Amino acid sequence: MSKSAVLLLVFFCFWTSKAGAQRLFSIEDVIQRALAQSPFAKQAETRKENRYWQYRSFRTNYSPQLRLNGGLPGYSQSFIPVRQPDGSLIFQSVNQTNASANLGLLQPLHWTGGTISANTNFNLFNDLDRQFRSWNGTLLNVQLEQPIFGFNPLKWARQTEPLRYEESKREFVEQLEAISQEAADRFFGVLEAQTRQQIASFNLANNDTIYKIEQGRYNIGTTSQDKLLQVELQLLRSRQDLAQARLDLENASLALRIYLGLTDSDEISLQLPENIPPFSISLDEALLYAKQNRAAYLAFERRRLEAQRDVAEAKGRRFQTSLTASYGLNNSAPMVGDLYTDPQRQQQANVSFNVPVLDWGRNRAMMRTAVANKKLNDYIIAQEEVNFEQEITTQVRQFELLRLQLEITKKSDEVAQERYRVAQNRYLIGKIDITNLNIALTEKDDAKRSYIEALRSFWTAYYNLRRLTLYDFAERKLLYTPTE
């Protein structure tokens, strides 16, 4: 074996052992870090918590509420006009305090849109100048407020808000899958930059050795100056390529660190994910899981209900009628205990209405607008459903193509690596010139990059398909299970 071949072999062994001594992170490790500590995962978790409390707040609208309100004793001193029997006015000093308290239990009636409440209240008047005190109280008052033929927001909210909350839970899982997809994409951004740096480092050392070989051949007259200059130019380009590759790796590593929430001191060394899980994807199966699990498909139903709600609200605005009825017991006495002695009956009932006699077609226009918006909404949702299915169809078909492309590029990489080794050995013994060796080197590098790009396309498509269906086809399990 020639001296130059020995140098190449020693460099290759050193480069391989150096790479093997580094700590490697798999694509699963990077994704788990992204899901556990990235700022985007924390944002998704916070949005999930926010929507949970919004839903809890909505639920309280249908629960009975016990409220206590009133005013602490308020003091006032003033002169007020008092008309005398002869018609004249005199101003008298008033020095008094007032206090009140009301305790009420209110229950919304979601099936009718009204409210029923039970209240009790007390009022205390104290005249400090005349040493006079009086209590007034409603011992019990039951009141019903009921819209008639009006819009019932509680009824519609019971249909739309649970759907909205269910959407938020599915969106959270979709956001996690989107984070996984983005982490995988940035993983390969670093991996490609690492590969380019490794290629550039190997090519620089290789071209340096070749340049020394060509110098020796030129000194003994077995090669031309033109070939020597060509090798020198190739060596200079290798140095430039290595500098650019290092800069690209630094930028890609920084982007990954920021996405994962890592500090600059954390070292990133990545393992090529060549172990492709064997699984098949059926288009019908993918569409079924997408329709069952995706938040977007659930949103179609919610948006239809909201359009129907808007029409019902426009109808309810045309004739606004409400019924108010109450029954209770009240009394007044100088002592609070005397309020419960022979209380008087208090009852009230009235029907109020608001009917536009002449509004120049305002209500009719609002009604027609709501109906037109509902019709437009139906058309938009129908088109989005088509786009929804088309997106899944395209992704499934592309996924099978990516798997085939991955197999081809992997085989091409192996062939190109072997061809370069053969060309290198033939160059060392003088069977081929530097031009053919450079062609083999270029094909080797292109094949390696194409293989890495195919891996990147496959894994990002895999996580994108998980996001679109909320189903893991490799593990054959659901990524989200609805809970009651």
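The values are calculated or read from the model by the stated rules, or taken from the named source; none is laboratory data. No experiment lies behind these values; they were computed from the predicted model shown. Note that we place each Cβ from the backbone using ideal geometry, even for glycine, and neighbour counts take in every protein chain shown.
Annotations
- Subset of segment 392-447 (residues that are within 30 Å of Tyr463 (Cβ to Cβ), of a type in the set (Val, Ile, Thr) and crowded, with 18+ Cβ neighbours inside 10 Å): Ile392, Val396, Thr409
- Test: residue in segment 423-435 that is touching a Ser or Thr at 6+ places or on another chain (Cβ under 9 Å), in a helix (DSSP H, G or I), among the β-branched types (Val, Ile, Thr) and closer than 30 Å to Leu283 by Cβ: no
- The set of residues in segment 98-125 that are farther than 30 Å from Gln320 by Cβ and surrounded by fewer than 16 Cβ atoms within 10 Å (Cβ to Cβ) comprises Asn98, Ala99, Ala101, Leu103, Phe125.
- Qualifying position, being part of a helix (DSSP H, G or I) and either more than 30 Å from Val311 (Cα to Cα) or in contact with a helix residue (DSSP H, G or I) (Cβ under 8 Å, 6 or more places away or on another chain) (or both), among Ala370, Ala365, Ala382: Ala370
- Residue check for Ile148: farther than 27 Å from Ile27 by Cβ and either under 27 Å from the mean Cα position of the chain (by Cα) or β-branched (Val, Ile, Thr) (or both): yes
- Subset of segment 331-350 (residues that are under 16 Å from Ser117 (Cα atoms) and surrounded by 14 or more Cβ atoms within 10 Å (Cβ to Cβ)): Gln346
- Of the residues in segment 448-458, none is over 27 Å from Ser180 (Cα atoms) and touching a Phe, Trp or Tyr at 6+ places or on another chain (Cβ under 9 Å).
- Boolean, Arg317 is surrounded by 15 or more Cβ atoms within 10 Å (Cβ to Cβ) and modelled with pLDDT of 85 or more: no
- From Leu262, Leu287, Leu256, Leu298, residue being within 30 Å of Met366 (Cα to Cα), within 24 Å of the chain's Cα centre (by Cα), surrounded by 14 or more Cβ atoms within 10 Å (Cβ to Cβ) and in contact (Cβ under 8 Å) with a residue 12 or more places away in the chain: Leu298
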